[in-house]
């Protein structure tokens, strides 16, 4: 007599799984992908904001350099009126000496030739000029009391300061 082997499981309990993913696995993968997508979009938005800020800062630096170029070859004070500080009556940019720039505000900004730069209406160049001691360049003295002046230009975009640049202008002996 031949014996049949003893079966440990019934055919009803045997499951053969079809290849693929279950609904729960698909939903979990979709949720993870959604979270990653949101994180990537936030990183992209932050990167674009940083790029825009960098562009505004670069433009502001160039606008500050334009004022520097305006003053580069000018005497510190007007040779005809060396005691007068600031722009002479009726004088406007382009100025003929550095002290004329004190208190000047260029909005829209100007280039090195004193011409208005089109398309820059959001920017403004604010200039201050102070006399400083020839012995101590940090010491501010009375206007025109020294042959050395510190020029500072602040470039703003809207209400935000984007760039501040200072340099010394020295009278030629």
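The values are calculated or read from the model by the stated rules, or taken from the named source; none is laboratory data. Since this is a predicted model, take the numbers as computed values, not measurements. So basically every Cβ, Gly included, is an ideal-geometry build from the backbone, and we count neighbours across all protein chains shown.
The number of residues in the stretch 131-160 that are out of contact with any helix residue (DSSP H, G or I) (no Cβ under 7 Å at 6 or more places or on another chain) and closer than 15 Å to residue 67 by Cβ comes to 4. Residues that are loosely packed, with under 15 Cβ neighbours inside 10 Å and outside any helix (DSSP H, G or I) were ranked within the stretch 30-76; the one that is nearest to the chain's Cα centre (by Cα) is 72. Restricting attention to the stretch 104-117, the residues being outside any strand (DSSP E or B) and either out of contact with any strand residue (DSSP E or B) (no Cβ under 9 Å at 6 or more places or on another chain) or surrounded by fewer than 20 Cβ atoms within 10 Å (Cβ to Cβ) (or both) number 8.
Out of curiosity, is residue 101 touching a strand residue (DSSP E or B) at 6+ places or on another chain (Cβ under 7 Å) and closer than 13 Å to residue 150 by Cα? Spelling it out, residue 101 is indeed touching a strand residue (DSSP E or B) at 6+ places or on another chain (Cβ under 7 Å) and closer than 13 Å to residue 150 by Cα.
The number of residues in the stretch 118-134 that are surrounded by 14 or more Cβ atoms within 10 Å (Cβ to Cβ) and either assigned to a loop (DSSP other than H, G, I, E, B) or modelled with pLDDT under 90 (or both) comes to 3. Quick one: would you say residue 79 is in contact (Cβ under 8 Å) with a residue 40 or more places away in the chain, more than 18 Å from the chain's Cα centre (by Cα) and either farther than 21 Å from residue 164 by Cβ or not in a loop (DSSP other than H, G, I, E, B) (or both)? Spelling it out, it is not the case that residue 79 is in contact (Cβ under 8 Å) with a residue 40 or more places away in the chain, more than 18 Å from the chain's Cα centre (by Cα) and either farther than 21 Å from residue 164 by Cβ or not in a loop (DSSP other than H, G, I, E, B) (or both). Touching a strand residue (DSSP E or B) at 6+ places or on another chain (Cβ under 8 Å), assigned to a strand (DSSP E or B) and loosely packed, with under 13 Cβ neighbours inside 10 Å: which single residue out of 137, 168 fits that description? Residue meeting the stated conditions: 168.
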